[in-house]
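Report on the following structure.
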Amino acid sequence: MALTVGDPAGIGPEVLLKALAEPEISKKYDVTLVGNRDLLAQTYEELNLAENLAPLANPDRFPVIDVELKAEIKSQIIPGVGNAASGAASFAYMECAIAQTLAGKFDGIVTGPIAKSAWKAAGYNYPGQTELLAEKSGVKRFGMLFVARSPHTNWTLRALLATTHIPLCQVPDTLTPHLLTEKLDLLVECLKQDFGIEKGRIAIAGLNPHSGEQGQLGREEQDWLIPWLEQERQNRPQLQLDGPIPPDTMWVKPGQAWYGNSRIQNPADAYLALYHDQGLIPVKLMAFDRAVNTSIGLPFVRTSPDHGTAFDIAGKGIADATSMKAAIHLAGELVGQRLATIKL
């Protein structure tokens, strides 16, 4: 697997080296770091001076694809300061990892966190890494699936976003039956290919409070969401499609399954949220330190920790690597599942 550093001015280098210090990761997975060898070495040396620091892996122990950067760019990379230089560097790391993976060198990519504002400052106008991955892979159908395994019950939460990084006012016009069918197709394919679930149960959120309450609080459910869902149930008899579930109650059962309420029976295998915060507020509330962003629909596995660059704590040695560890473990599991499926 390729592991990109992410924005070198953020916590990406730190959480990556902390994750690789875990023997279960360093011994189990064949990984290559994508970034700058000297910047990784600098992070290792400087953070090792901090007291009470979690163990760090020496980057010299791992193969590194040393991405060439212009001297003027490298000189402007400062821990804690996201700027055009750090954006140009993280973009270059991503391009390199994608090209090497598409060429067959890697089966998957684990990406460190980047700052969209830094990409924009560097002249790269992408909503995020997912869109760059899809473009470079020549993929039109893709999605952002968030996966987390409960430390309390070992239950796995899977939440797909129908829409992602768009203003809230654009959500009702962006959502269409065609879009939801596309996202549902991706989710069904992912459950089968990556998790071995062929006859799954999927919960689908409503858009409006109380799912519109028969049109009193919004017409989208009555006008097209409920008819669409009824048609999908006919088209997919092997699946159990629940919904549209009122958004304020859809996450009650997942929360109880996450924290270990023994009365909960048959939580869904996956949850389809209609917009960014509808899905990510509950996911981060339950699993902020261990949720993993998984890009589905790509020709290879891609995971990423579900947190940002945290420039405010970069270089201080206090960043939590739990989500990065989870991202590496999940990528390894998904790669293994896909390879096993191919052999069958």
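Before moving on, here are some points about what is shown:
- Filter result for the condition that a residue is surrounded by fewer than 18 Cβ atoms within 10 Å (Cβ to Cβ), in contact (Cβ under 8 Å) with a residue 60 or more places away in the chain and within 17 Å of Ala273 (Cα to Cα), over Leu179, Leu168: Leu168
- Filter result for Asn261 (in contact (Cβ under 8 Å) with a residue 60 or more places away in the chain, in a loop (DSSP other than H, G, I, E, B) and surrounded by fewer than 19 Cβ atoms within 10 Å (Cβ to Cβ)): no
- Leu133 being open to solvent by 10 Å² or more (accessible area, probe 1.4 Å) and in contact (Cβ under 8 Å) with a residue 60 or more places away in the chain: no
- Condition broken by Val81, with the remaining ones in (1) touching a residue at least 40 places away in the same chain (Cβ under 8 Å); (2) touching an Asp or Glu at 6+ places or on another chain (Cβ under 9 Å) satisfied: (2)
- The one condition from (1) part of a helix (DSSP H, G or I); (2) at positive phi that Gly215 does not meet is (1).
- Here Ala319 passes the criteria (1) within 16 Å of the chain's Cα centre (by Cα); (2) surrounded by 17 or more Cβ atoms within 10 Å (Cβ to Cβ) except the one numbered (1).
- When Asp185 is tested against (1) modelled with pLDDT of 95 or more; (2) in contact with a Leu (Cβ under 9 Å, 6 or more places away or on another chain), only condition (2) is not met.
- Yes/no for Gly128 being under 26 Å from Glu333 (Cβ atoms), surrounded by fewer than 18 Cβ atoms within 10 Å (Cβ to Cβ), in contact with a His (Cβ under 9 Å, 6 or more places away or on another chain) and not aliphatic (A, V, I, L, M): yes
- Pair list, Cβ < 9 Å and 6+ apart or interchain, from segment 322-343 residues that are over 17 Å from Leu191 (Cα atoms) to residues that are among the basic types (Lys, Arg) and assigned to a helix (DSSP H, G or I): Met324/Lys18; Lys325/Lys18
The values are calculated or read from the model by the stated rules, or taken from the named source; none is laboratory data. All values derive from a computational prediction rather than experimental measurement. Counting neighbours? That spans all protein chains shown, and the Cβs are built from the backbone with ideal geometry, glycine included. When the accessible area is computed, the model is the full protein with side chains, heavy atoms only, and any ligands, DNA or RNA have been set aside. Shrake-Rupley method; radii C 1.70, N 1.55, O 1.52, S 1.80 Å.
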